[in-house]
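First the structure, then my questions, so here it is.
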Amino acid sequence: MNQSKTYKLSLAALFAALSYTVFTFLQIKIPVAGDMTSIHLGNAVVVLASFIIGGPLGGIAGAIGMSIGDFFDPVYAPLVPKTLICKTIIGLITGFVAHKIGHITTSDDPKHVLRFAILAAAAGLTFNIFADPIIGYWYKILILGKPAAELSLKINFVSTIINAVISLIVSTVVYTALRPALKQSGFFLKLAN
C-alpha cells in the first residue's frame, strides 16, 4: 500500500477519535479537594499512534483527541493547553525512540521491536509522569489560582504513574499484536528513519 499523506491523516483522525473515546468513556475520576484527576488509557492511544504513524503526527492526534475530551468536561476544560502540550511531547519522545533510535518499522526481529517499543513507551510516559503534574500544578497556581494545588500535585503524581504503567503495558501489547496483521494486510507504514 502506498504511504500517502491521505492515509496517514486518516490514521491520525482515527487515533484522535480513539484517544477522545478512550479518555472520555474509559476513565475513573478521582475527586481531589475541589479538583479532579483520573485513571485512564488516553496516553496508551498516544503511544500506540506514535508507534504506528510516527511521533509528531501520533502525538498531535492523541493530544487533539484528549484535548477535545478535556474541553467537553467542565472539570478539565481549563487544562486543555496543558493537555495539548504534554500529549504532543509524549508522542514526540516515543516516536523518536521507537523510530529514530530503535527503527521498529524496519526491523524484522520481534525481540528488537518489543524491546524498543517498551523503551519508547517508557521514555514518553516517564516524561509525562513528571511534566503533567508539575505543569498542572503551576498552571493551577498561576493561571487558575487554585489553593489546593499542592494536594492535587501529590495525587496527580500518583495517578500519572498508574496511568503510565497501564499505558505502557496496553500500548506495547496492542502494538505487538497489531503489527503482524498490519504487515500482512499491507497497511503497515514503514516510517523513514
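Take the Cβ-Cβ distance between S4 and L142 as r, set R0 to 45 Å, and report the resulting FRET efficiency rounded to the nearest 0.05.
0.55
Let me ask you something else. Specify the residue with the greatest mean-square fluctuation among D132, D108, D73, computed from a Gaussian network of the chain linking alpha-carbon atoms under 10 Å apart.
D108
Hey, another quick one. Percent of accessible area on the stretch 1-62 owned by carbon and sulfur, 1.4 Å probe?
The nonpolar share, carbon plus sulfur, comes to 72 percent.
Heavy atoms only, probe 1.4 angstrom, no DNA, RNA or ligands counted: give me R179, R115 ranked by accessible area, highest first.
Reading off the accessible areas and sorting them downward yields R115, R179.
Using alpha-carbon positions, what is the distance between the centroids of the stretch 1-74 and the stretch 111-125, in Å?
19 Å
Mean residue ellipticity at 222 nm from the helices of the chain, using -39,500 (n - 2.57) per DSSP H segment of n ≥ 4 over the full residue count, to the nearest 500 deg cm²/dmol?
Helix contribution divided over all residues of the chain: -24000 deg cm²/dmol.
Could you provide, to the nearest whole Å², the per residue accessible area of the chain with probe 1.4 Å?
I get 47 Å² per residue for this part.
For a quick check of understanding: with a 1.4 angstrom probe and all protein chains in place, what accessible area in square angstrom does M36 have, to the nearest ten?
40 Å²
So, taking all protein chains as they sit and a 1.4 Å probe, how much accessible area belongs to F96, in Å² rounded to tens?
120 Å²
Under a Cβ-only charge scheme (Lys and Arg +1, Asp and Glu -1), can you give me the dipole magnitude of the chain about the Cα centre, in debye to the nearest 20?
Using Cβ point charges on Lys, Arg, Asp and Glu, the chain gives about 360 debye.
Here's another thing I want to ask about it. Go ahead and set up a Gaussian network model of the chain, Cα springs under 10 Å, then flag whichever of G91, G65, G102 fluctuates most.
Per the Cα network of the chain with a 10 Å cutoff, G102 tops the list.
Using Cα springs under 10 Å in a Gaussian network model of the chain, which residue among L114, L79, L142 shows the largest mean-square fluctuation?
For the chain, modelled as a Gaussian network with Cα springs under 10 Å, the answer is L142.
Tell me, what is the 1.4 Å probe accessible area of L153, in Å² to the nearest 10?
L153 has an accessible surface of roughly 50 Å² with all protein chains in place.
Fully extended, how many nm does the chain gain between A13 and I101 (0.36 nm per residue separation, minus their Cα-Cα distance)?
29.1 nm
Say a paramagnetic label sat at a point 7 Å from the Cα of T176, along Cα to Cβ; which residues of the stretch 87-110 have their backbone N under 18 Å from it?
Under 18 Å, as judged by backbone N against the label point of T176, lie 98-99, 102-110 of the stretch 87-110.
The values are calculated or read from the model by the stated rules, or taken from the named source; none is laboratory data. All figures in this text were calculated on a predicted structure; none of them were measured in a lab. Cβ atoms come from the backbone with ideal geometry, glycine included; neighbour counts cover every protein chain shown. With ligands, DNA and RNA removed, areas are computed over all heavy atoms of the protein, side chains included. Shrake-Rupley method; radii C 1.70, N 1.55, O 1.52, S 1.80 Å.
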